[in-house]
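Taking it in order: structure first as structure tokens, then the write-up.
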Amino acid sequence: MSRLIVISNRVQAPTAAGVGGAQGGLAVALTAALREEHGIWFGWSGETGEDHELRFETFEGVTSAVMDLSEQDVEEYYDGFANRTLWPLFHYRLDLTEFERDFQGGYERVNRVFGQAIGPHIEPDDVVWVHDYHMIPLGWVLRQQGVNNRMGFFLHIPWPPTRLLVALPQHRRLVESLFAYDVVGFQTEEWLESFRHYVVTEMGGVLSDGDCVTVGGRTIRAIACPIGVDAESFIAAANGPVAKATQLRMLESAVGRSMMVGVDRLDYSKGLAERFSGYERFLQNHPDRRALVYLLQIAPPSRTAVQSYRDIRDNLDAMSGRINGAYADIDWVPIRYVNQGYPRDVLAGIYRAARIGLVTPLRDGMNLVAKEFVAAQDPHDPGVLILSRFAGAAAQMPQAVLCNPYSAEDVADAIDKALRMSREERIARWKPMFDNVRNEDVLWWRRRFLDTLTEAPLCERNAI
Ligand code: ADQ
């Protein structure tokens, strides 16, 4: 029987020290697969240390293997190339993208270190699944060590248009390394199209039937495979006692007012400043309806070692303070701004208490919050999802109130429309989105990707 090997920057498998019930959908789906197939999840421990030894642990039937990285590794590979070069560039933020040779060198070095440490643990029948932008060259490193297994790669973030990608020095080297995999997956057709465009125009690649993309002598399958949420457990959580208590607490804290909720990592790609501006425009345009609504914005800090992330936090602190100062009354504040994480069942209750879910990223590979919000709603009285047309999720959820997050007026109009929407229309929009979230959930995603990797005839095996 073949085992599944998952490799990602951070390992989210349960550990004895562990996260247990706090796992998100991706971790739930992958740990279930690892448990069934006796696999291993490899990655960075999140800690710094000088030796690159893998530490194995098996907990609740799932084996994880983590390694420390040196301070220099973290600075160049993680804070540097991954989060100051690739993340902004792939989210169309050339203005925030930093190009440093040290970052690229560190990125390649750490991928080599991972590959050399992991390679010897891969057995001939294992199926290898590498995740996300931190690890693009890893497949290539493994092939160089003679790993000839089926290997797939999934990109969780957008793939940028060719005209942006070519701003990256050595862009071709990075894309070429993807051809070491057998299958490369993207969240949406749009990102897949951008990838194909790059391959054809910059590499002279050829597209053929069955999702095949050939460059030189190497052929891979490139597919769109949108990730979903752990829908059944989220629906169950939304109907459970913790969610019910949370919902009650939310409703009691603002009787007679509609809550809008935003839940995002504090990241410039999530469009939080633009969201606050859009809401402010609504408050300006509708003085008579101001006090009937408030925004709960939950945004736990992330990547605080990176300056642009500290800047966004300062900016949002200032904006929420200014908007609350300008509009609040003795018994109402327009924005409740909270910088902490919540357990998933509490989050489900918060979503369910909301009349509007505001999901307005400037660019997002998929966006799972949009799907969680839909999963958590009361079927008889669902809230309205306001969704950025630039989130990958918009392709599967055209029934949302789609908006342009760059336009404060558009966001204000969307809020107005959502608040006025009849119950009939809310149900009519919500139902097809709910069916989609349920049908194309995270297990569907995992099966689809792994079936493509393991069962479908591959166009050509990639020996390097
Ligand atoms: P992220 O950029 O992290 O993921 P997203 O898809 O929205 O974005 O997932 C965030 C997850 O964190 C959600 O499950 C959400 O519930 C959770 N979360 C956020 N704030 C929280 C809080 N305060 N408390 C508890 N949980 C919180 C990247 C890509 C996305 C892609 C995913 C999965 O950027 O585009 O959808 O990977 O592929």
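No lab work stands behind these numbers, since they all come straight from the coordinates. The structure presented is a predicted model; accordingly, all values stated were derived computationally and were not measured. Methodologically, a virtual Cβ is constructed for each residue, glycine included, from the backbone with ideal geometry; neighbour enumeration extends over all protein chains shown.
Side notes on the structure shown:
- Dipole orientation for the chain: of the candidates Met433, Ile415, Tyr337, Ile415 has the Cα lying most toward the positive pole (charges on Cβ; Lys, Arg +1; Asp, Glu -1).
- Using the Stokes-Einstein relation with a Kirkwood hydrodynamic radius computed over Cα pairs, the translational diffusion coefficient of the stretch 75-188 at 4 °C and a viscosity of 1.567 mPa s comes to 90 µm²/s.
- Calculated SAXS-style log₁₀ I(q)/I(0) at q = 0.18, 0.19 Å⁻¹ - the stretch 10-150, Debye, Cα scatterers: -1.12, -1.21
- Beta bridge orientation in the chain: antiparallel %, DSSP, nearest 5: 20 percent
- Cross-link partners of Lys417 among lysines (Cα-Cα below 23 Å; sequence separation of 8 or more within a chain): Lys270, Lys371, Lys431
- Dimensionless Rg ratio for the stretch 358-397, taking C-alpha atoms and the 2.2 N^0.38 Å reference: 1.13
- Cα gyration tensor category, rounded, prolate or oblate, for the stretch 231-438 with a/c compared to 1.5: rounded
- Distance between the 7 Å Cα→Cβ label points at Asp288 and Phe56: 7.1 nm.
- Rounded to 5, percent antiparallel among DSSP beta bridges of the stretch 231-438: 5 percent
- When the helices of the chain are scored as -39500 (n - 2.57) per DSSP H run of n ≥ 4 and the total is divided over every residue, the value at 222 nm lands at -12000 deg cm²/dmol.
- A crude spin-label estimate for the pair Arg112 and Asn239, with each label 7 Å from Cα along the Cβ direction, gives 5.5 nm.
- Shape of the stretch 355-445, Cα gyration tensor, a/c cut at 1.5: oblate
- Long-range Cα-Cα pairs in the stretch 206-254 (distance over 19 Å), rounded percent: 60 percent
- For the stretch 94-111, 3J(HN,Hα) computed residue by residue from phi via the Karplus equation (6.51, -1.76, 1.60; θ = phi - 60°) reads 4, 5, 9, 7, 10, 10, 10, 4, 4, 4, 5, x, x, 4, 5, 5, 5, 5 Hz, glycine and proline entered as x.
- Counting 0.36 nm for each residue step from Ala328 to Thr454 and taking away their Cα separation leaves a gain of 39.6 nm.
- Average Cα contact separation per residue, the stretch 231-438, under 8 Å, 6 or more apart, as relative contact order %: 27 percent
- Shape analysis of the chain yields a ratio of the Cα radius of gyration to the Kirkwood radius, Rg/Rh, of 0.97.
- Rounded to the nearest 5, the antiparallel percentage of DSSP beta bridges internal to the stretch 1-134 is 25%.
- Loop-located GluC sites (Glu not before Pro) in the stretch 370-464 whose Cβ has at most 16 other Cβ within 10 Å (DSSP): Glu455, Glu460
- Separation of alpha-carbon centers, the stretch 309-375 and the stretch 143-184, rounded to whole Å: 34 Å
- Sites listed here are trypsin sites (Lys or Arg not before Pro) in the stretch 75-116 whose DSSP assignment is loop and whose Cβ has at most 15 other Cβ atoms within 10 Å, and the list is empty.
- Rg over Rh [alpha-carbon atoms, Kirkwood Rh] for the stretch 286-328: 1.11
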